[in-house]
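The values are calculated or read from the model by the stated rules, or taken from the named source; none is laboratory data. Since this is a predicted model, take the numbers as computed values, not measurements. Note: ideal-geometry Cβ built from the backbone for every residue, glycine included; neighbour counts use all protein chains shown.
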Amino acid sequence: MAAASDTVPAAGLPPPGVTPSFTDPESIGYQIILAAVLCPVFATSICSLRLYTAHHILKRFHLDDWLIIVALIFALAFSIVNLIQLGNGAGRHLWDVPLADFNRFVKLGGIGGSLTYNLSTLFIKVSILQFYQRFPSSRSFQLAVYATIFVAVGYCIPQSISWLYHCRPIVRYWDFTIPGTCIRDEDYLASAALNVATDIIILLLPIWLAFPLRLPARQKVGVICILMAGGFVCAVSIVRLAAIVSGLRDPDITWHYVKNLVWCLVEMYVGIICACLPCLKPFFQRYFPDMFAFLNPRNYASLFSLETITHRMFSRSGTLHGEETSEGSKTLAESGEARK
């Protein structure tokens, strides 16, 4: 293995007995390539089906449809950032990365990576929560949705611009040779924990939304599972949180951080897919009407239609559990459009 240049400083010192190399280093960068290329293929395909459903079947775009488009754009930008990071040392040991490349790695990751990841995550969450707002619900449920949005905005926006306040002076964020102070990396765990917490809330909210349904237990569980699809990304968020914790004390940043980057990519694109799945039911009802017939061969379609859900949740008096709601007529109209 060729030794690193004596005139070009490395970003870190190698362990005893290890010879650093800038020309033929060991690398696990292929993991980033796989995640940054394959995940968008699946997520973009599912998102395209959602947009097709909104445009050609429902004949209407909702706010949550536009939000998921924005989330996908930021996710694709995050993929591009991580592919560029391969040229800055991502996937190589720290001692195999020139110091100048490492500084670019930290700068691009801290500015471009934080911005695109956190904004994509935010728009995914808000899209799912706005999808819940399509259905008639009580004021207390709506307040819970808006409170969750408030919390998501409250930690995603500051995290997306964390490079502005992480270090003093700011340039110390990506150039450790400059004297100054920085926030401890452990402080980022609070944001990651809030990310998991909001995912769990998003997962559980459909139980509250579907609770008024007057359905047999089996059908009610089916409706809840359809609506909960948007929150299943919380499992990936928990795995990513564990990856962050396991790497906090590892000084080989450019090597161990690959695991975190891969899980960030997987989390974003799984979130987009999960956000789109509940919206695809009209698509499958039109083109694959018998696909889920095994759940209830005789009346699956009617039981799980938006019209039936609305009818069972929206009483003749226009109230839900004694609280006013104005969404019933709108949802009924949309379900009628979906059948045309």
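When you scan the stretch 132-140, do you find a residue that is of a type outside the set (Val, Ile, Thr) and under 28 Å from THR177 (Cβ atoms), even just one?
Taking every residue of the stretch 132-140 in turn, none turns out to be of a type outside the set (Val, Ile, Thr) and under 28 Å from THR177 (Cβ atoms).
Looking at PHE105 and the list (1) within 26 Å of ALA10 (Cβ to Cβ); (2) surrounded by fewer than 20 Cβ atoms within 10 Å (Cβ to Cβ); (3) of a type outside the set (Ser, Thr, Tyr), which single condition is not satisfied?
Against the list (1) within 26 Å of ALA10 (Cβ to Cβ); (2) surrounded by fewer than 20 Cβ atoms within 10 Å (Cβ to Cβ); (3) of a type outside the set (Ser, Thr, Tyr), PHE105 comes up short only on (2).
Out of curiosity, is VAL106 more than 30 Å from THR254 (Cα to Cα), touching a residue at least 12 places away in the same chain (Cβ under 8 Å) and of a type outside the set (Gly, Ala, Ser)?
No; evaluated as a whole, the condition is false for this residue.
Taking the stretch 134-156 only, how many residues are surrounded by 20 or more Cβ atoms within 10 Å (Cβ to Cβ), part of a helix (DSSP H, G or I) and not aromatic (Phe, Trp, Tyr)?
4
I'm trying to understand the selection: among the residues of the stretch 190-244, which are closer than 23 Å to TRP263 by Cα and of a type in the set (Lys, Arg)?
The one that is closer than 23 Å to TRP263 by Cα and of a type in the set (Lys, Arg): ARG240.
Take the residues in the stretch 210-258 that are under 30 Å from GLY12 (Cβ atoms) and in contact (Cβ under 8 Å) with a residue 60 or more places away in the chain; name whichever of them is surrounded by the most Cβ atoms within 10 Å (Cβ to Cβ).
The selected residue is THR254.
If I ask for residues that are among the small types (Gly, Ala, Ser), at pLDDT 85 or above and closer than 20 Å to LEU119 by Cβ, which ones from the stretch 162-192 would you list?
SER162
Of all residues in the stretch 45-79, count the ones that are of a type in the set (S, T, N, Q) and crowded, with 16+ Cβ neighbours inside 10 Å.
Adding up the residues that qualify gives 2.
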